[in-house]
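The values are calculated or read from the model by the stated rules, or taken from the named source; none is laboratory data. Since the structure is predicted, the reported quantities are computational estimates derived from the model, not experimental observations. All Cβ positions, glycine included, derive from the backbone under ideal geometry; neighbour counts span all protein chains shown. These accessible areas exclude ligands, DNA and RNA; they are computed on the full protein's heavy atoms, side chains included. Shrake-Rupley method; radii C 1.70, N 1.55, O 1.52, S 1.80 Å.
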Amino acid sequence: MRVAILSDIHGNFLALEAVLADISSAGPFDQIVVAGDLAWAGPRPAEVVDRVINLGATVIQGNTDAFFNAKPDEAPDGKEASRFAVHLAWMREQLGRERVAYLRKLPFSHRIAPSAEPGHDLLIVHANPHDMERAIPPRASEAELDELLLEGGQAPSWRALAFGHVHTPFTRTWRDRLLVNVASAGLPMDGDHRAAYAILTWDGDAGSGGAWRAEHRRVMYRQAIVAHEMRTGGLPRGKHFAERLMSASYGGLD
């Protein structure tokens, strides 16, 4: 079984198209999954949402997709109220009612069972298995991971966890389980301008010692064009987001 997972497109249509072209060339895949944050902070949110819908992939909700459940005066934690209200109004105008409704109703997670035997599932979430806000940092301690990932103090039922939210790709092992940050297709922040996604492959079954393996992939696209769109297309704080895009350095998203 092969699964392509992309996340955090953030309204970057050119990056999305580049990733989908690479997925097509690397295929076939049993499933394609989009792990949230489709539109927020990007210059072409409506085109991204339409492309994702037409793709027929499994799509889950990210924290910025859930922003559309908020009222303009209900800024999420860490967001400046007036900036949030302006950005939300612009995004709603660009997306229209039907696309906003689509983002608001996306599911929280997606689980893939590669084997009839229990205990080998791949769980795909946006940030972590319990909420869409708390990040899993690349260098989190074992104790921090225990706090985020244990289920009632017990080891989780899944064997591999794929997620985005933090725009930095990494793979690590925790309690004999695979953790894969597929990072960001549209706003990478690890110093590499190329769009990021990941391929997860189940290499067998329980009887033959099967396991999930991860491959991180990077894809070139013309990010300078997107930065220009951010600056000139009416996106609130477009200059700020263009600078983030071109620096590919982590500084947070408003």
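Rg and Dmax over the alpha-carbon atoms of the range 1-49 stand at 11.1, 35 Å. Remark: the His228-Asp50 segment gains 61.9 nm on full extension, using 0.36 nm per residue and subtracting the alpha carbon distance. Checking every one of the GluC sites (Glu not before Pro) in the range 67-152 against DSSP loop status and a limit of 15 other Cβ atoms within 10 Å picks out Glu74, Glu80, Glu133.
Express as a percent, rounded to the nearest 5, the fraction of DSSP beta bridges in the chain (both residues included) that run antiparallel.
Working: 22 of 36 bridges.
Here the antiparallel bridges make up roughly 60 percent for the chain.
Determine the distance separating the Cα centre of the range 1-54 from the Cα centre of the range 121-144; give it in Å without decimals. Spelled out, the Cα-based centre of one part sits 21 Å from the other.
Evaluated with a Cβ-only charge set (Lys, Arg +1; Asp, Glu -1), the range 1-140 carries a dipole of roughly 160 debye about its Cα centre, given to the nearest 20. Under 19 Å from a label point set 7 Å out along the Cα-to-Cβ vector of Lys239, the amide N atoms of the range 15-55 belong to 41-43.
Send over a whole-number figure in Å² for the accessible area per residue of the range 1-53, probe 1.4 Å.
27 Å²
Taking the 1.4 Å solvent-accessible surface of the range 116-254 as the whole, the part contributed by carbon and sulfur is 49%. Dipole magnitude for the range 106-240: computed about the Cα centre from +1 point charges on Lys and Arg Cβ and -1 point charges on Asp and Glu Cβ, it is near 760 debye.
Based on Cα contacts under 8 Å between residues 6+ apart, the chain shows a relative contact order of 22 percent. The dipole here belongs to the range 93-174: it is taken about the Cα centre, uses +1 on the Cβ of Lys and Arg and -1 on the Cβ of Asp and Glu, and is about 380 debye. Axis of helix 238-247 versus longest Cα principal axis of the chain: the two differ by about 40°, to the nearest ten degrees. Partner aspartates and glutamates whose Cα lies under 16 Å from the Cα of Lys239, excluding those fewer than 8 positions away in the same chain, are identified as Glu229, Asp254. In the chain, a dipole from Cβ-located charges (positive for Lys and Arg, negative for Asp and Glu) runs towards its positive end, and of Ile60, Ala113, Pro43 it is Pro43 whose Cα lies farthest in that direction.
How much length is gained on full extension from Ala155 to Arg218, taking 0.36 nm per residue of separation minus their Cα-Cα distance?
Details: separation 63, 0.36 × 63 = 22.68 nm, distance 3.19 nm.
Gain in length upon complete extension: 19.5 nm.
Seen against the Cα atoms of the chain and their longest principal axis, helix 13-26 is set at about 30 degrees.
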